[in-house]
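Notes to accompany the following structure.
The values are calculated or read from the model by the stated rules, or taken from the named source; none is laboratory data. Since we're looking at a predicted model, the values are computed, not measured. Here the Cβ positions follow ideal geometry from the backbone for every residue, glycine too, while neighbour counts run over all protein chains shown.
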Amino acid sequence: MSESLLQALVEEELGSVVFVMDYVQLDFSAARFSAYAWPTVTIGDATLHFGDRGYRDALCAFITHEVLSTDESPEAGLVIRFGLGEIVTNPIPSDLGGPEIAQLQVHQDSFRDEAWAVWRPGEGIFAGRDWS
């Protein structure tokens with residue numbers, strides 16, 4: 001398997017978390033990760049899901065923290081790891097509100113994307129699951 005574009009986030013600092021009506025964007029200096037299925041957030045021993053008390057605060061706690069590593073696998077889903085914890089997008093069918101799970105845009109400059117990736121149900125690492 002080729003290297004994941006998710007690796008482009010390593011050493012990037014999270015600059016903002018944007019809550020859109022039914023998804024979340026994580027903005028880095030040279031990239032934007034949009035999760036169209038709400039990710040889980042783990043800080044220390046606590047794992048929070050969308051709707052849990054403190055979920056939004058936990059996501060925002062990663063602002064100014066640098067990405068240490070990423071993982072993309074059928075078992076783990078899409079994982080962005082920080083020293084503080086991790087943000088994981090690994091949905092089940094009922095978590096989906098549209099045709100995409102996540103999208104990553106890596107910026108060359110403020111007007112052009114250098115590269116982008118889209119993760120959809122039934123494709124790539126999410127191919128082996130039953131999405132019905």
Considering only residues that are in contact (Cβ under 8 Å) with a residue 24 or more places away in the chain and more than 11 Å from the chain's Cα centre (by Cα), look in region 20-42 and name the one that is surrounded by the fewest Cβ atoms within 10 Å (Cβ to Cβ).
Asp22
Those residues that are surrounded by 12 or more Cβ atoms within 10 Å (Cβ to Cβ), modelled with pLDDT under 95, farther than 25 Å from Ala61 by Cβ and not aliphatic (A, V, I, L, M), I need them from region 98-121; list them, please.
Asp113, Glu114, Trp116
Looking only at region 1-12, which residues are within 17 Å of Ile63 (Cβ to Cβ) and either loosely packed, with under 14 Cβ neighbours inside 10 Å or aliphatic (A, V, I, L, M) (or both)?
Leu9, Glu11
Taking region 63-97 on its own, how many of its residues are surrounded by fewer than 13 Cβ atoms within 10 Å (Cβ to Cβ) and in a strand (DSSP E or B)?
1
Find all pairs meeting these conditions: Cβ atoms under 9 angstrom apart; at least six residues apart or on different chains; first residue within region 43-63 and in contact (Cβ under 8 Å) with a residue 40 or more places away in the chain and more than 13 Å from Val88 (Cα to Cα); second residue among the polar types (S, T, N, Q) and surrounded by fewer than 15 Cβ atoms within 10 Å (Cβ to Cβ).
Cys60/Ser16; Ile63/Ser16
Do you know which residues across region 18-37 are among the aromatic types (Phe, Trp, Tyr) and out of contact with any Ser or Thr (no Cβ under 8 Å at 6 or more places or on another chain)?
Phe19, Phe28, Phe33, Tyr36
